[in-house]
1. Does residue 274 meet the test of being within 23 Å of residue 435 (Cβ to Cβ), at pLDDT 95 or above and open to solvent by 10 Å² or more (accessible area, probe 1.4 Å)?
2. Does residue 154 satisfy being in contact (Cβ under 8 Å) with a residue 40 or more places away in the chain and open to solvent by less than 30 Å² (accessible area, probe 1.4 Å)?
3. Within the bounds of the stretch 68-76, is there any residue that is surrounded by fewer than 23 Cβ atoms within 10 Å (Cβ to Cβ), under 32 Å from the mean Cα position of the chain (by Cα) and touching a residue at least 60 places away in the same chain (Cβ under 8 Å)?
4. What do you reckon, is residue 173 touching a residue at least 40 places away in the same chain (Cβ under 8 Å) and either assigned to a helix (DSSP H, G or I) or open to solvent by 20 Å² or more (accessible area, probe 1.4 Å) (or both)?
5. Which residue is surrounded by the fewest Cβ atoms within 10 Å (Cβ to Cβ), if the candidates are limited to the stretch 423-438 and must be touching a Pro at 6+ places or on another chain (Cβ under 6 Å) and part of a helix (DSSP H, G or I)?
6. For the stretch 218-237, give me each residue that is assigned to a helix (DSSP H, G or I) and either touching a helix residue (DSSP H, G or I) at 6+ places or on another chain (Cβ under 6 Å) or among the small types (Gly, Ala, Ser) (or both).
7. Are there strands (runs of 3 or more DSSP E) fully within the stretch 52-142 with at least 3 residues that are more than 30 Å from residue 197 (Cα to Cα)? List them.
8. Give the residue, chosen from 389, 405, that is of a type outside the set (Asp, Glu), open to solvent by less than 10 Å² (accessible area, probe 1.4 Å), without any contact (Cβ under 8 Å) to a residue 40 or more places away in the chain and touching a helix residue (DSSP H, G or I) at 6+ places or on another chain (Cβ under 7 Å).
Amino acid sequence: MFQRTLYRLLKPTLAALAIALAAATGAAEAARYDTLILDGLIVDGSGETPYVADLAIRGDRIAAIGDLDDATAGRVIDAAGKAVSPGFINILSWAVIDLIRDGRGMSDLTQGITLEVFGEGNSMGPLTPAMKADFPTYWDGVEAQWTTLGEYLEFLEARGVSPNVASFIGATTPRAHVLGMDDVDPTPAQLDEMQELVREAMREGAMGVASSLIYTPGNFADTDELIALASAAGEFGGLYASHVRNEGKGVFGAVEELITIAREAGVPAEIYHLKMAHPSVWGRFDELVARIERARAEGLEITADVYPYPAGATGLDAIMPPWANEGGLDAWIERMQDPATRDRLRAAMREDSDEWENMLTGAGPGAILLTGFRNPELQKYVGMTLAEVAAERGTSPEDTAMDLVIADRSRVDAVFFTQSEDVVRRAVALPWTSFCTDAGAPAAEGEFLKNSTHPRAYGTFPRVLGHYVREEGLLSLAEAVRKASALPAENLSLVDRGRLAPGFYADVVVFDPETIIDRATFEAPHRYSSGVEQVFVNGGHVIADGAHTGAKPGRVVRGPGWTGWE
């Protein structure tokens with residue numbers, strides 16, 4: 001907590017020094033830059049009124065903003081009539097495997113995303129030898145060529161990626177590291193070991209610790225365990241983020257748990273993908289917002305992020321009770337193949353439980369769209385609802401779901417239509433929400449087309465800017481850009497990112513505010529958004545006139561506990 005507070009106190013002074021240094025350097029070097037972006041509408045991330053000016057990049061930094069008519073550069077971009085903004089921060093990304101397969105991150109770069117933040121529940125490290133051996137089972141055949149979280153991030157940078165990358169340590173990861181996949185409580189010594197894993201990840205540059213409490217084995221953690229892990233991250237100024245324990249009928253208790261963790265651990269907290277995922281609570285969103293704002297008034301730093309769609313995406317494990325998944329994939333499949341256990345499981349799947357969030361009763365089988373299979377023989381079901389597949393196979397929705405998981409040996413990806421557009425609109429407009437895709441970063445080509453995805457993977461940020469800003473006037477352009485850049489940067493305590501200012505890293509987007517829009521739909525999700533024309537990452541030109549340049553200048557972005565700060 002001390003480090004986070006110290007950083008926030010020093011940040012204005014550091015920024016002023018950077019501006020002075022940039023001005024002195026510019027004068028000494030006769031205003032020669034690598035890139036000049038001329039006559040753009042500067043939307044700097046502050047939320048203040050945009051203004052027309054030029055922006056200069058030298059090396060990996062923004063060198064100047066203002067009237068730069070006399071300056072020269074190797075690359076000059078006419079941005080008249082276009083908006084120039086900081087790169088967008090995807091605070092909840094699942095591009096962990098996609099960026100290994102294709103380092104361009106096309107679906108995200110074409111939205112203007114310049115930083116991917118991983119780690120919801122599960123992070124790519126630290127791994128035990130057993131976790132490394134099992135890694136291909138859970139991560140689509142990919143072999144882990146790293147052990148720690150820091151090594152994974154450095155692996156991506158060395159391999160070559162276009163966006164910047166960062167990560168939380170997932171709260172599930174130290175639990176699995178020490179306790180395995182079973183429903184057990186840690187001993188004091190084991191909890192100390194889990195806390196030390198969090199501390200080591202923070203020293204490697206993790207943003208904090210992040211839980212995902214509807215999935216096993218993460219949902220076996222009680223509140224005290226989560227407070228202990230969040231406290232360890234807080235020693236380094238880290239944030240606690242959470243996919244809360246219930247986003248449906250139990251959302252009020254789940255958010256209360258997050259507030260308790262923030263208070264007891266003394267850390268800021270982020271609610272991942274804020275939503276009301278059950279029709280029975282759609283009309284109570286104002287109550288939930290009021291509870292969060294009371295916590296903020298108390299002095300707790302509670303924020304949230306959203307994706308601007310009335311449907312979520314996860315796996316068919318979300319329609320089965322937590323006990324079904326205890327022990328991992330093999331144990332789950334074995335239970336579904338045992339007749340007596342299968343009967344018990346089928347009955348549980350039909351119950352609109354108050355004990356766990358049952359997305360089958362929350363959505364209904366006709367509102368569960370199947371999007372991803374590993375087994376080629378099952379890919380014919382991509383784009384069909386669970387109800388449609390059940391009818392074709394002549395089995396109940398519950399048995400169909402179990403049979404698909406067994407045959408695919410995966411959780412089977414699906415989209416769940418459990419949300420209200422009215423709630424989405426109000427969540428998008430809140431001043432303390434940022435934005436996320438909660439998705440991978442595929443390309444609309446090749447192997448990625450064998451499965452479907454959620455349109456948020458291609459359209460989150462342009463949908464905010466095109467639909468909610470331009471078409472609906474729900475919030476201003478300046479406010480939307482603030483919520484896409486400076487707000488998450490401040491929440492994560494990032495250094496010199498999230499704004500357009502001299503001395504800040506040159507993560508810059510040029511887009512047309514009159515045409516930017518998402519084009520991906522639930523029926524045809526593999527469609528790039530329109531309107532993003534130029535993207536720079538650390539000064540590297542990655543999108544030029546809407547097309548990828550082949551550049552991969554992405555770097556590891558470190559959190560406040562990193563031991564490598566100069």
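The values are calculated or read from the model by the stated rules, or taken from the named source; none is laboratory data. Treat the numbers as computed from the prediction; the structure is a model and nothing was measured. With ideal geometry, Cβ positions are generated from the backbone for all residues, glycine too; neighbour counts draw on all protein chains shown. Quick note on the areas: whole protein, heavy atoms, side chains included, nothing else; ligands and nucleic acids left out. Shrake-Rupley method; radii C 1.70, N 1.55, O 1.52, S 1.80 Å.
1. Yes, satisfied.
2. Considered against the rule, which asks whether it is in contact (Cβ under 8 Å) with a residue 40 or more places away in the chain and open to solvent by less than 30 Å² (accessible area, probe 1.4 Å), residue 154 comes out as no.
3. no
4. yes
5. It comes out as 424.
6. Residues satisfying the conditions are 218, 219, 223, 226, 227, 228, 229, 230, 231, 232, 233, 234.
7. 61-66, 72-78, 83-86
8. 389
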